[in-house]
Amino acid sequence: MASGKIKQNKMVAGMIDIWVKYKEKHPNIAQFLVFFMLSNGVTVLQFVLMPLLKSFFGQTPLVDTNFQIMQFGHNFDGSPYYVFDYAAGSLSNGGGGGLAYFLAVQITIGIAQVINFFAQRNITFKSNSNIWKAAFWYVVAYILITIGAAAAQGFYKAPIYNLLMNTWGWGSAGETTADIITMLINSAISFWVFFPIFKIIFKNESEK
């Protein structure tokens, strides 16, 4: 037992040594890999949290509360195009989930981004710059990315839900699958946009 534990400790130490050497030779790639791993961890958290919040808010009258704001032109069929388009009524009944769905999505993303902020700042970038300044620009970036992602969602959200729930007849399973797909798309958008932003706002003053 003791020899097996010693071998295991040596293996772990060897892997750490390999990582440290790789990090010294390729700091930018190593930094991106850490960012990638932490981002995926945050995405997994969203997969767990989103269904719970959606189920909770789905049992409230907020499902039947229309939430369609920031009209931006029109759809191909002439109907208004909203950046945040959550029509009243549950998704299973042909609605957009209402204010309940909007809150479930935004609270999930909000919690995930708070965790992501501290994890990326302290672990990936090891920043020691002014945290309040970084937080301010992070919030600004978060708002802009949220609006951009919501605007893009208008092009793929309805077709995905309709395909999985109605065309393929998956029902509630299709709704859950569509939730995961839309969440993955949102996470992918945030992933590629946030990395260069983090490089700017998470400075390490000692490196100067």
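Is one or more of the residues making up the range 72-81 at positive phi, part of a loop (DSSP other than H, G, I, E, B) and out of contact with any Leu (no Cβ under 7 Å at 6 or more places or on another chain)?
yes
How many residues are under 15 Å from F36 (Cα atoms) and either open to solvent by 60 Å² or more (accessible area, probe 1.4 Å) or among the basic types (K, R) (or both) if we restrict to the range 178-192?
Of the residues in that region, 2 qualify.
Yes or no: the range 108-115 includes at least one residue that is within 15 Å of G58 (Cβ to Cβ) and polar (S, T, N, Q).
Yes, the range 108-115 contains at least one residue that is within 15 Å of G58 (Cβ to Cβ) and polar (S, T, N, Q).
Would you mention how many residues in the range 89-101 are touching a Gly at 6+ places or on another chain (Cβ under 7 Å) and either surrounded by fewer than 19 Cβ atoms within 10 Å (Cβ to Cβ) or acidic (D, E) (or both)?
Number of matching residues: 3.
Can you pull out the residues in the range 128-177 that are open to solvent by less than 50 Å² (accessible area, probe 1.4 Å) and charged (D, E, K, R)?
K157, E175
Scan the range 113-127 for residues that are assigned to a helix (DSSP H, G or I), open to solvent by less than 60 Å² (accessible area, probe 1.4 Å) and within 13 Å of Y138 (Cβ to Cβ) and report the count.
So the answer is 6.
Matching residues to (1) touching a helix residue (DSSP H, G or I) at 6+ places or on another chain (Cβ under 7 Å); (2) of a type in the set (A, V, I, L, M, F, W, C):
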| residue | (1), (2) |
| --- | --- |
| F117 | yes, yes |
| I123 | yes, yes |
| N128 | yes, no |
| G148 | no, no |
| L163 | no, yes |
| L184 | no, yes |
| A188 | no, yes |
| K199 | no, no |
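Suppose we filter V44, V34 for residues that are loosely packed, with under 13 Cβ neighbours inside 10 Å, under 22 Å from the mean Cα position of the chain (by Cα), assigned to a helix (DSSP H, G or I) and hydrophobic (A, V, I, L, M, F, W, C); which single one remains?
Values: V34 fails: loosely packed, with under 13 Cβ neighbours inside 10 Å.
Result: V44 is the single residue among V44, V34 that is loosely packed, with under 13 Cβ neighbours inside 10 Å, under 22 Å from the mean Cα position of the chain (by Cα), assigned to a helix (DSSP H, G or I) and hydrophobic (A, V, I, L, M, F, W, C).
Residues are listed down the side, and each one gets a yes or a no for (1) among the acidic types (D, E); (2) modelled with pLDDT of 90 or more; (3) open to solvent by 50 Å² or more (accessible area, probe 1.4 Å):
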| position | (1), (2), (3) |
| --- | --- |
| I6 | no, no, yes |
| G14 | no, no, no |
| D17 | yes, no, yes |
| F57 | no, yes, no |
| N66 | no, yes, yes |
| F84 | no, no, no |
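Name the pairs whose Cβ atoms lie under 8 Å apart, with the first residue in the range 131-151 and under 16 Å from K199 (Cβ atoms), the second assigned to a helix (DSSP H, G or I) and basic (K, R), and 6 or more positions between them or separate chains?
Close Cβ pairs (under 8 Å, with a partner that is assigned to a helix (DSSP H, G or I) and basic (K, R)) amount to A134/R121.
Exactly one of these conditions fails for A104: (1) within 17 Å of I197 (Cβ to Cβ); (2) open to solvent by less than 60 Å² (accessible area, probe 1.4 Å). Give me its number.
(1)
The values are calculated or read from the model by the stated rules, or taken from the named source; none is laboratory data. Computed from a predicted model, the values in this text were never measured in an experiment. A quick note on method: Cβ atoms are made from the backbone with ideal geometry, for glycine too, and the neighbour counts reach across all protein chains shown. For accessibility, only protein heavy atoms count, side chains too; no ligands or nucleic acids. Shrake-Rupley method; radii C 1.70, N 1.55, O 1.52, S 1.80 Å.
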